[in-house]
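The values are calculated or read from the model by the stated rules, or taken from the named source; none is laboratory data. Note that the structure is predicted; figures quoted are calculated from it, not measured. Cβ: placed from backbone, ideal geometry, glycine included. Neighbour counts: every protein chain shown.
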Amino acid sequence: MTVTQAIILGLVQGITEFLPISSSGFLILVPKVFGWEVQSLAFDAFLHIATLVAIVTILWSEVRAMTIALLIPSKDEVAMAWRQLAIWIALATIPVLLVGFLFQVVFRIEFRSVEIVAWSFIVWGSVLYFVDRRTKETKDRPQGVGLKRAILIGLAQMIAIIPGTSRSGITMTAGLATGLSRETAARFSFLLSIPTIAAAGFFGLGSVVRGDETIAFLPLTAGFAVAMISAFITVRFLLQFLKRYSFSKLAIFRVFVGVVILLLL
């Protein structure tokens, strides 16, 4: 892998990880389009960790509040709300961790197929569009998501095991479908992404630790830096975007890309 390839893939990961357009799908499509050898899962893992650093930085106040609430028990209402949110996120993460473990470790199933990516783009882009059109803006916060709604969103996240689905897209769609506002659905999706991305990233690093895969230092560093910076900018942009606009245009873009891919196959 060249430094240029690493920079492009880092940019793709950083922009698409938190937009509802599927980072895994684009990380499969881009090498296909340029005729590159598909990058290793270990490299993808480093890119995931880069986006993890970005989202933790942006949501540091929420992460800090939840951590303190868990480590220092308090009967203060605010602290209890943060503690509940942390517990909901932990419980909502369990389903996708179990499915990911079963598919990748027990059954060793690999979905890196362009056809699967294309259909996932179309199907889940369409679902996001129609759910978003029915959304009514309300004044809510992630602390008010509730256990039942958190579990439903966590169950929906399992579908993101299939490339092209988009982890952020499916969780935001589920959030909207359960009555959350667009901004709160996005914020909860981002918070839910932290343990999921961490698990995916550090699991992928196992091959590097075992010596199964090696990655050149310069491409790795370049890809990591670009992914982290672009993810930071993208999340900031999306949170501001959703204060004025809907997910409709992003959903239409997903469907368009999926149709184009099928026509070119």
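Key figures for this structure:
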quantity	calculated
VAL96 under 20 Å from THR16 (Cβ atoms) and modelled with pLDDT under 90	yes
Positions within region 237-265 being surrounded by 13 or more Cβ atoms within 10 Å (Cβ to Cβ) and aromatic (Phe, Trp, Tyr), in sequence order	PHE237, PHE241, PHE247, PHE253, PHE256
Residue within region 119-141 that is of a type outside the set (Asp, Glu) and within 20 Å of VAL56 (Cα to Cα) present	yes
Any hit, region 152-159, residues being surrounded by fewer than 24 Cβ atoms within 10 Å (Cβ to Cβ), touching a residue at least 60 places away in the same chain (Cβ under 8 Å), hydrophobic (A, V, I, L, M, F, W, C) and over 18 Å from VAL257 (Cα atoms)	yes
Those residues of region 113-148 which are outside any helix (DSSP H, G or I), farther than 19 Å from TYR245 by Cβ and of a type in the set (S, T, N, Q), in sequence order	SER113
Flag for GLN104 being part of a helix (DSSP H, G or I), modelled with pLDDT under 90, farther than 30 Å from GLN39 by Cα and out of contact with any Cys (no Cβ under 7 Å at 6 or more places or on another chain)	no
